[in-house]
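Have a look at the structure below before the remarks.
What follows is calculated from the coordinates using simple rules that are stated; it is not laboratory data. This one's a predicted model, so the numbers in the text were calculated from it and none came from an experiment. Using ideal geometry, Cβ is built from the backbone for each residue, glycine included, and neighbour counts are taken over all protein chains shown.
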Amino acid sequence: MNMKEHILSALKEQYDRWESLLAGLSEEQITTPHLPSIWSTKDVIAHLRAWQQRSIARVEAASLDLAPGYPLWPPELDPDSEDNTDQINDWIFETHREQPWSKVHLDWTEGFLRYLQLAQLIPEKDLLDTGRYPWMDGRPLAFSLLSSYDHHQEHLEKAQAWLQEHEVS
């Protein structure tokens, strides 16, 4: 298995783990906040989806050999800066908190699957080349894929721990 196949396979497995977790929960469990946090599993999925849109923009741009057209976020919230991640996450929460679970889940699912399809179009050499996409600031496009995996894994582990602690299965 080449590196591209390995990364895409890991991302697909990550998607499957999330779907398995979500399938075992009722809508009430999904929409109930994970106290002491104000976020529910639905809010976590909406959060992942919001960040996923930036990742999708990158692989879409790479497949078309263009610069990414990122989703519109408030101009004062620079997603490429580590300084305001909490503000961005608060904005994402407030923006999506009233959306119904069915929409949040559908948007995340469609986005994740589109992300995998688009990434499949990128030749492995382009995916791993640190200089191929200037808008990646010297990182290979694979960095975006691996970061998405890590982000989903981080939140999956937190959700599983909370659910286990509260004996939700």
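Taking a ≥ b ≥ c as the square roots of the eigenvalues of the Cα gyration tensor of segment 1-74, is the shape rounded (a/c under 1.5), prolate (a/b larger than b/c) or oblate? Taking the square roots of the gyration eigenvalues as a ≥ b ≥ c, segment 1-74 is oblate.
Neighbours of VAL44 by Cβ distance under 13 Å: Lys/Arg scored +1, Asp/Glu scored -1, total +1.
Per residue, the average separation of C-alpha pairs within less than 8 Å and at least 6 apart gives segment 3-163 a relative contact order of 31 percent.
Considering only SER63, SER55, SER148, the Gaussian network model of the chain with Cα springs below 10 Å gives its largest mean-square fluctuation to SER63. Angle of helix 3-23 to the longest C-alpha principal axis of the chain, folded into 0 to 90 degrees and rounded to 10: 20°. The count of lysine pairs in the chain whose Cα atoms are under 27 Å apart, excluding pairs fewer than 8 places apart on the same chain, comes to 9.
For a test of the definition: using alpha carbon positions, the gyration tensor, and the 1.5 limit on a/c, classify segment 79-169 as rounded, prolate or oblate.
Values: a/c = 1.87, a/b = 1.66, b/c = 1.13.
Prolate is the answer for segment 79-169, as a/c is 1.5 or above and a/b outweighs b/c.
Dipole of the chain computed with +1 at Lys/Arg Cβ and -1 at Asp/Glu Cβ about the Cα centre; of LEU113, LEU163, LEU146, farthest Cα towards the positive end is LEU113. In a simple Cβ point-charge model (Lys, Arg +1; Asp, Glu -1; nothing else charged), the chain has a dipole of about 520 debye relative to its Cα centre.
Against the main long axis of the alpha-carbon atoms of the chain, helix 41-64 sits at an angle near 10°.
Figure legend: label point modelled 7 angstrom from the Cα of THR95 along Cα→Cβ; residues of segment 24-57 with amide N under 15 Å from it are 43-57. The length gained by stretching the chain between TRP135 and GLN160 to full extension, at 0.36 nm per residue less their Cα-Cα distance, is 5.5 nm.
The structure shown yields Rg and Dmax of the Cα atoms in Å, and of the options (i) 39.3, 122; (ii) 15.7, 53; (iii) 16.4, 48 that calculated value carries the label (iii). Taking 7 Å steps out from each Cα toward its Cβ at GLN87 and TRP73 produces label points 1.1 nm apart. Other residues lying with their Cβ under 9 Å from the Cβ of ARG97 contribute a combined charge of -2, Lys and Arg counting +1, Asp and Glu -1.
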